[in-house]
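Chemist: Handing you a structure now.
Please treat every number below as a calculation from the coordinates, not as lab data. Only a predicted model underlies this, so the values are computations on that prediction, with no experimental measurement involved. Every residue, glycine among them, receives a Cβ derived from its backbone with ideal geometry; neighbour counts consider all protein chains shown.
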Amino acid sequence: MSEKRNTPEITRKERDCIMRIVEMTNDSFPVRLCDLSRAMDVKPPSAFELVNRLSKKGMVRAKNGMISLTDDGRRTYDRIKFSHRALESLLVKGGISADTACREIETFDYIVERKTALAILKTIGNPSECPHGLPIRSRE
Ligand SMILES: [Zn+2]
């Protein structure tokens, strides 16, 4: 039996969608579906399907073609960013370039739990900033 996971199951595409919604508006929701599809470089029907899936998971709300994150979606965004920056710091400390670390970590940061990220940070001396100079614990 595997340990029960605390994180909601999402796919890589759903992860990218959540991150993009925040990043493309600099944190001021909502975004238009057509802008989101362009930013993600997918066709509008694909973006629509992604948004629908995230909406069923309670992470996104869509109204009149305008998309925003729910509180759950926001928490997921924060958790992914936290794991991303913790892992990035670890890899860069190990001699990997920040760009390479960033690219590789994008492929799995969304399945890393918060307690794992906390353990990683502790191991490397609890840095306050990621290799890009961004705060690791921005919303605490
Ligand atoms: Zn990064």
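Chemist: Relative to the present Cα-Cα distance, how much length would full extension add between Asp71 and Lys43 at 0.36 nm per residue of separation?
Modeler: Details: separation 28, 0.36 × 28 = 10.08 nm, distance 2.66 nm.
That works out to 7.4 nm of additional length.
Chemist: Counting pairwise Cα distances across the chain, what percent come out greater than 18 angstrom?
Modeler: Working: 5499 of 9730 pairs.
Looking at the chain, the distances longer than 18 Å represent 57 percent of pairs.
Chemist: For the chain, list the DSSP H helices whose alpha carbon atoms reach 24 Å or more along the long axis and whose average Kyte-Doolittle value is -1.0 or above?
Modeler: Those that pass (Cα extent of 24 Å or more, hydropathy at least -1.0) are 71-93.
Chemist: Reachable lysines from Lys57, Cα under 29 Å, same-chain residues fewer than 8 places away excluded?
Modeler: Lys4, Lys13, Lys43, Lys81, Lys115
Chemist: For Ala62 and Met24, FRET efficiency with R0 = 22 Å and r from the beta-carbon atoms, rounded to 0.05?
Modeler: On the way: r = 15 Å, r/R0 = 0.70.
Given R0 = 22 Å and the Cβ-Cβ separation, E is 0.90.
Chemist: Answer rounded, prolate or oblate for region 62-110, using the Cα gyration tensor with square roots of eigenvalues a ≥ b ≥ c: rounded when a/c is under 1.5, else prolate when a/b is larger than b/c, else oblate. Intermediate results must be reported in sequence, preceding the final value.
Modeler: Details: a/c = 4.61, a/b = 2.66, b/c = 1.74.
Note, shape of region 62-110 comes out prolate.
Chemist: Considering only DSSP states other than H, G, I, E and B, which GluC sites (Glu not before Pro) in region 1-108 qualify as loop sites with at most 13 other Cβ atoms within 10 Å? Spell out each step's value before the answer.
Modeler: Working: sites: Glu3, Glu9, Glu14, Glu23, Glu49, Glu88, Glu104, Glu106; in loops: Glu3, Glu9, Glu106.
Passing both the DSSP loop test and the Cβ count: Glu3, Glu9.
Chemist: With a ≥ b ≥ c taken as the square roots of the eigenvalues of the C-alpha gyration tensor of region 12-69, please select rounded if a/c is under 1.5 and otherwise prolate if a/b is larger than b/c or oblate if it is not? Could the numbers behind the result be given before it?
Modeler: On the way: a/c = 1.18, a/b = 1.04, b/c = 1.13.
The shape class here is rounded.
Chemist: Which value in nm describes the separation of the simple spin-label points at Ile124 and Arg53, placed 7 Å from the Cα toward the beta carbon?
Modeler: Taking the simple label geometry, Ile124 and Arg53 are separated by 2.9 nm.
Chemist: Normalised by the residues of the chain, what does the relative contact order come to in percent, with Cα pairs under 8 Å and at least six apart?
Modeler: Working: 153 pairs, mean separation 29.1, N = 140.
Relative contact order, the chain: 21 percent.
Chemist: Lys/Arg Cβ at +1, Asp/Glu Cβ at -1, dipole of the chain taken about the Cα centre: which of Leu36, Ala62, Pro127 is farthest positive-ward?
Modeler: Projecting each Cα onto the dipole axis, the largest value belongs to Ala62.
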